[in-house]
Structures are given as C-alpha cells and as structure tokens.
Amino acid sequence: MKIGVTGLGERKEIAPGVFINAAYRGCTPGFVSTEEGVIMIDTPLIPEQAIDWRAQIEEECPDQPILYVFNTDHHRGHALGNQYFMPTTVIAHERAHKEMSGYTENFKERVFNSFKREPDIQKQMTNIEIIPPHLTFTERTKLLYGGREVDLIYVGGHTPATSIAWLPEEKICFVGDVLWVDQHPYMAQANSKEWLEGLALIRELGAEKLIPGHGPTCTAEATHKVEEYIIFMRGRVRDYYLEGKNKNEAKSGLVSEMLAWFPVPPDRKAKIESQIKSGINRVFREIQREEEISNGGVSASSDDDDDDDSE
Ligand SMILES: [Zn+2]
C-alpha cells in the first residue's frame, strides 16, 4: 500500500456495502453498493488516484454500473475526478452546476500550476475535462436503489452548493466540507451563519458515523470544535467591525488568533494563513451586512465570491 504522493490506499468498509478511502489527496471519497449498482460520493482529484478508485469499485462490485456520482461541492478535490467515472450521472446542488460550468481553461491552468512542486502529479493534469452535474437539486432529494436509501441534503455554509449524503438506515452521513477535523476549515466561499445551522442539522440527523470531506471518520461530537471556531471568528470579526476597523485590519489582526486553533504543517503555513484571511474577509462582509440590517439600514454589500484555490 502506497500512501503519500500517489496515495493508493485500500478501501475501508465502514458498514456493509459502504466504503471510503481516506488515503487519497483532495477528499475522502465513498461509495454505496446496492443490488442495482453503485452510488458514489465525490471523486479523487489526482487522475492516478481516480483510476485506482474506479478499479477498487469494480473489484468490489463486478459488473455493477455506477448509477450516480454525487459531488458534495464543486471544489476541485471533490469533483475534478468526475471524468474518470463516465458514463454515469453526476448529481449535485444546482449552484455546483453554475460554478462548474464557469470552470474555463484558466481554471485548468491554475490546477496544473498548483502542482508545480510535484511533477509526478502535474504531468497527469494535462487533459482535465470538467464534468458538471447532469442532474441538480436545490433542497433535498433521495436516491432509492436496490433497497438502499441515500438522501442528498443541501446545507450550504462551506459553499452555496455544499450538500451532504445521509444514509438513514445505516446512520452514516457523508458531510463533505461542512466538517473539518483537526484542520482549518476552508471559508473563502463561506456563509458562516448558514454553516452553523448546517452543523446543527447534522447533529439532529442522529448519525452514528460522519465521513468528513477531509480528515478521519468521526462522530457528531466532532462538529463542536468547528462550530466553536466559526463562532469565535464571527465574534472577533464583530469586535473589529464595531471598533470601526476595516476588513484589512481585521484580516491582519486576527490571522494569528485563528491560526492557533488547529495544527498547521510548517510547509503549508503560508497557504493556510492566506486561506484564513480569505475566510475573515468573507465573514467581515457578513457581519457588516448583519450590523447594517440590525441598525435598520439596507445592506449594500453584495454576495460576491472569493473562489481562489479552493478545497
Ligand atoms: Zn470544498
């Protein structure tokens, strides 16, 4: 088993017919085997790993079609591998379709360039094909195949497209990037208030196992830390706003306070700092809108996006 740059780890069966692989880069993909075919949750970013994942699925479910690929959001780590699972039907929130339809040559170039220090991976990134969802939903929908039920539920928060896959029978929930364990949540496209509601919704499901988009399998208990992190960031940003400080002052003043919440590998420090700043930026605008509205004014700020090197 090779784990690391090529990361071809073995699948793990977390309940009968429900598998994940936490060894890949970009996200922890999963699949559910039903008597009628396979339902996948997210796809690996790195082609070699996506091909490996498909081989593992075919080994586990020989001669079964892949019925659906569900993307929990439109970010590269969750949806860029879609091309390696065709033909199938990709399903995601309608906002994911909008975002992915906007992935141009420039986006592909940025993905390519982001691997400049890893030539073994970069050389695989030369024929990226974007497969946006073929089928979309806005609030929730159910996939009912071979006696299995997979509920796809919009939660938002992390991005305006973020959705989760809930298996009510198995009490397993694939929570995408709503939940981050032992690492900083990526908030550059976040709505922090919605995110807190999403975490509460996940706890209400009564799941026994949560599969985060990044990090190890956990229980609903793990939702509290990221909730505290977001509440703390919102509170501190509000302090800055009410003191009359601007967005840039909030970003530079708060980044070290936020950094201390989760371990940061030294080689990723600069990147994580810049991601935290994007998150503070995002939350600042949100707090600004909330304060303007609570003062009886009409908020003039718009809901624009900050999608950079998203996760
Ligand atoms: Zn994401």
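The values are calculated or read from the model by the stated rules, or taken from the named source; none is laboratory data. Small disclaimer: the values here were computed from a predicted structure and weren't measured. All Cβ positions, glycine included, derive from the backbone under ideal geometry; neighbour counts span all protein chains shown.
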Check ILE91, ILE131, ILE121, ILE39 and return the single one that is assigned to a loop (DSSP other than H, G, I, E, B), more than 16 Å from the ligand (Cβ to nearest atom), in the same structural domain as VAL178 (by TED's automatic domain parsing) and β-branched (Val, Ile, Thr).
ILE131
Search segment 211-231 for residues that are at negative phi and assigned to a helix (DSSP H, G or I) and pair each with any residue that is among the aromatic types (Phe, Trp, Tyr) and surrounded by fewer than 21 Cβ atoms within 10 Å (Cβ to Cβ) when their beta-carbon atoms are under 7 Å apart and the residues are at least 6 apart or on different chains.
TYR229/TRP261
Of the listed residues (ARG95, ARG76), the one being within 17 Å of the chain's Cα centre (by Cα), among the basic types (Lys, Arg) and within 22 Å of GLY215 (Cβ to Cβ) is ARG76
Checked PHE107, PHE174 against criteria (assigned to a strand (DSSP E or B) and within 16 Å of the ligand (Cβ to nearest atom)); the one match is PHE174
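Pick out the one residue from GLU208, GLU194, GLU169, GLU204 that is within 16 Å of the ligand (Cβ to nearest atom), surrounded by fewer than 24 Cβ atoms within 10 Å (Cβ to Cβ), of a type outside the set (A, V, I, L, M, F, W, C) and without any contact (Cβ under 8 Å) to a residue 40 or more places away in the chain. Lay out the reasoning, then the answer.
Working: GLU208 fails: within 16 Å of the ligand (Cβ to nearest atom); GLU169 fails: within 16 Å of the ligand (Cβ to nearest atom); GLU204 fails: within 16 Å of the ligand (Cβ to nearest atom).
GLU194 is the lone residue from the list that is within 16 Å of the ligand (Cβ to nearest atom), surrounded by fewer than 24 Cβ atoms within 10 Å (Cβ to Cβ), of a type outside the set (A, V, I, L, M, F, W, C) and without any contact (Cβ under 8 Å) to a residue 40 or more places away in the chain.
Among the residues of segment 147-170, what is the count of those that are modelled with pLDDT of 95 or more and over 27 Å from ILE231 (Cβ atoms)?
Initially, segment 147-170 is screened for residues modelled with pLDDT of 95 or more, giving 148-170.
Now restrict to residues that are over 27 Å from ILE231 (Cβ atoms): 148-152, 167-170.
Qualifying residue count for the region: 9.
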Starting from residues that are β-branched (Val, Ile, Thr) and within 17 Å of ILE51 (Cα to Cα), keep the ones in segment 69-88 and report whichever is farthest from the ligand (Cβ to nearest atom).
THR88
Pick from segment 50-101 the residues that are touching a residue at least 60 places away in the same chain (Cβ under 8 Å) and aromatic (Phe, Trp, Tyr): which of them is surrounded by the fewest Cβ atoms within 10 Å (Cβ to Cβ)?
TYR68
